[in-house]
Protein chains: 2
Amino acid sequence: MLRSLVQYLVILSLCFSGMRCNPSESASVNTTQAAESSGQSSDVYNVAFLIMEGVYNTELTAPYDIFQHTIFREGVKPMRVFTVANTTEPITTIEGMRIQPDYDYLKDEFPTIDILVVPSAEHHLDTDLEDKAMLDFVRETAEDAMFVTSHCDGAFVLAKTGILNGHVSTTFPSDIDTYRKMFPQLDVREEVLFVHDGKFITSAGGAKSFEAALYLCEYLYGKTIAEDLAKGLVIDWNLSTVPHVVVPSGS
Amino acid sequence: MLRSLVQYLVILSLCFSGMRCNPSESASVNTTQAAESSGQSSDVYNVAFLIMEGVYNTELTAPYDIFQHTIFREGVKPMRVFTVANTTEPITTIEGMRIQPDYDYLKDEFPTIDILVVPSAEHHLDTDLEDKAMLDFVRETAEDAMFVTSHCDGAFVLAKTGILNGHVSTTFPSDIDTYRKMFPQLDVREEVLFVHDGKFITSAGGAKSFEAALYLCEYLYGKTIAEDLAKGLVIDWNLSTVPHVVVPSGS
């Protein structure tokens, strides 16, 4: 706790009040080497999206699209995106859309996961936190993954597994108080769109799920690729205007 | 053409250069009466999303989520959202997600459509424009619908049916030139996030698809509901900061 209280680097771009700062030093643009040396697959990043009944559309599709569109950019190691669930039957999102998962994480073989994304779902504050098999899947995947990211209440799932202990995180703005009460051991930040601490990137979610995904792309591929990905989705990307927290590695 | 050249009302909030304007006069906050008197279903707005192979995730889910979340707001006539396609077998989005359509518009009975949404799809600039059955569906639905909206290249589909003739519209920024060449009879605007002309709302698409949907909600339900819907998706909604065009009715 002391570490996170004292040593974190707060990069808050208070864009609404006109203040800006430059996070470029903390957002390394060339960490592909780290990925290559960590035993991950070398031709693509395998990015798994953990979905379940009641998943929120936007918190699934926003990062999914940013990451998937890397296959259209030249000169980068692209991301192979896919969904995992505890079934391969269609799941129904909270908005009522029916999505067919690619892999059943309980039964199927699937690619080694480099990046795990946990979008929010309807029961992430209650019954999903009692789903031992799902929590075990997240905990075990997190051990070897390069990155584990959450959007909105997906942070509750990460926190419940214990993998966020000792790390700084955030969640959906209206659920910050509940998050702090449920996980009093965590260092929780608010009024930021995302927090990056080690392998964990936790996002406020909603439509701001694009920002966390673009940040990771800027981290992995550099600013130009991130800007290009953003442009494809009609986003004027400038990390320096995005309120966020990056905890320096090794702190 | 002269009408649209001379008489339109341009509401351009040049937020990037700090200029603002107030579109509140054109964005009526109480048009529910108009809906009630037009023969639409009275308890809900039926909102159909036209999907097909290669549909773009975000341009489907962004407006889908904004509209669907109206069921969580008290005191409003909510929207019932559903997808329509030329099949009820799963379709694969351009990003590779598999979505099961709710209705086959060629075979099934489905609710009378009050609002038709046409998200972009991979072949909206080529082969989809040769899909006569789909174009007929759009044209016929548009006749009785209250609103017909497009996101990104969905405007090409609307334009191909002829329903945009005599109306102002926009599309995905990088496809504006192609749009103008393909449909030289149209009055096309650029550097705006959406255009509202009569029953048609055409959006630049991408992540800015939220804005067009929020605009329609502000139009139907008022500013407070739109702000509330936006907050649920971590969007700080203020129409006066959104570059857009509204063509006055009757012009």
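The values are calculated or read from the model by the stated rules, or taken from the named source; none is laboratory data. Every value quoted in this text rests on a predicted model; they were computed, and no experiment measured them. No Cβ is skipped: glycine too gets one built from the backbone with ideal geometry, and neighbour counts run over all protein chains shown.
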>> Suppose the filter is more than 17 Å from A:Pro63 (Cβ to Cβ) and either within 14 Å of chain B (Cβ to nearest Cβ) or surrounded by fewer than 22 Cβ atoms within 10 Å (Cβ to Cβ) (or both); does A:Glu211 pass it?
In response: no
>> So the check is Cβ under 8 Å with 6+ separation or different chains; which pairs have a first residue in the range A:77-93 that's at the interface with chain B (Cβ under 9 Å from one of its Cβ atoms) and a second one that's outside any strand (DSSP E or B) and acidic (Asp, Glu)?
In response: A:Val81/B:Glu95; A:Phe82/A:Asp102; A:Thr83/A:Asp102
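Take A:Ser249 and tell me if it is away from chain B (no Cβ under 14 Å) and of a type in the set (S, T, N, Q). Spell out how you get there, then give the answer.
Values: away from chain B (no Cβ under 14 Å): yes; of a type in the set (S, T, N, Q): yes.
Judged against the criteria, A:Ser249 is a match.
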> Out of curiosity, is B:His244 surrounded by 24 or more Cβ atoms within 10 Å (Cβ to Cβ), closer than 28 Å to A:Glu59 by Cα and more than 11 Å from chain A (Cβ to nearest Cβ)?
Replying inline: yes
> Do you know which residues across the range B:107-146 are hydrophobic (A, V, I, L, M, F, W, C), more than 21 Å from B:Gly206 (Cα to Cα) and touching a residue at least 40 places away in the same chain (Cβ under 8 Å)?
Replying inline: B:Phe110, B:Ile113, B:Ala133, B:Met134, B:Phe137, B:Val138, B:Ala142, B:Ala145, B:Met146
> How many residues, within the range A:61-73, are more than 8 Å from every other protein chain (Cβ to nearest Cβ) and either in a helix (DSSP H, G or I) or within 18 Å of B:Lys208 (Cβ to Cβ) (or both)?
Replying inline: 6
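Please work out if A:Ala226 is among the small types (Gly, Ala, Ser), without any contact (Cβ under 8 Å) to a residue 24 or more places away in the chain and either touching a helix residue (DSSP H, G or I) at 6+ places or on another chain (Cβ under 9 Å) or assigned to a loop (DSSP other than H, G, I, E, B) (or both).
On the way: among the small types (Gly, Ala, Ser): yes; without any contact (Cβ under 8 Å) to a residue 24 or more places away in the chain: yes; either touching a helix residue (DSSP H, G or I) at 6+ places or on another chain (Cβ under 9 Å) or assigned to a loop (DSSP other than H, G, I, E, B) (or both): yes.
Yes.
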> Out of the range A:183-217, which residues are within 23 Å of B:Lys231 (Cα to Cα) and part of a helix (DSSP H, G or I)?
Replying inline: A:Gly206, A:Ala207, A:Lys208, A:Ser209, A:Phe210, A:Glu211, A:Ala212, A:Ala213, A:Leu214, A:Tyr215
> Can you tell me which residues in the range B:124-176 are away from chain A (no Cβ under 14 Å) and assigned to a loop (DSSP other than H, G, I, E, B)?
Replying inline: B:His124, B:Leu125, B:Asp126, B:Asp131, B:Ala145, B:Met146, B:Gly162, B:Ile163, B:Leu164, B:Asn165, B:Gly166, B:His167
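Hey, among the residues in the range A:96-110 that are assigned to a loop (DSSP other than H, G, I, E, B) and either buried (at least 19 other Cβ atoms within 10 Å of the Cβ) or at pLDDT below 95 (or both), which one's farthest from the other protein chains (Cβ to nearest Cβ)? Give the derivation first.
Of all residues in the range A:96-110, those assigned to a loop (DSSP other than H, G, I, E, B) come to A:96-97, A:101-102, A:105-110.
Next cut, either buried (at least 19 other Cβ atoms within 10 Å of the Cβ) or at pLDDT below 95 (or both) only: A:97, A:101-102, A:105.
Numbers: A:Met97: 6, A:Pro101: 9, A:Asp102: 8, A:Tyr105: 17 Å.
That would be A:Tyr105.
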> Does any residue in the range B:55-73 that is free of Cβ contacts under 8 Å to residues at least 40 places away in the same chain come within less than 6 Å, Cβ to Cβ, of a residue that is surrounded by fewer than 24 Cβ atoms within 10 Å (Cβ to Cβ) and not in a helix (DSSP H, G or I) six or more places away or on a different chain, and which pairs are these?
Replying inline: B:Gln68/A:Glu95; B:Ile71/B:Pro78
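Looking at B:Thr58, is it in a strand (DSSP E or B) and facing chain A (nearest Cβ under 9 Å)?
Considered against the rule, which asks whether it is in a strand (DSSP E or B) and facing chain A (nearest Cβ under 9 Å), B:Thr58 comes out as no.
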>> Just to check your reading of the model, which residue among B:Val242, B:Val188, B:Val247, B:Val195 is touching a residue at least 12 places away in the same chain (Cβ under 8 Å) and within 14 Å of the chain's Cα centre (by Cα)?
In response: B:Val195
> Does B:Ser150 satisfy the criteria of being within 26 Å of B:Val76 (Cα to Cα), in contact with a Gly (Cβ under 9 Å, 6 or more places away or on another chain) and at pLDDT below 95?
Replying inline: no
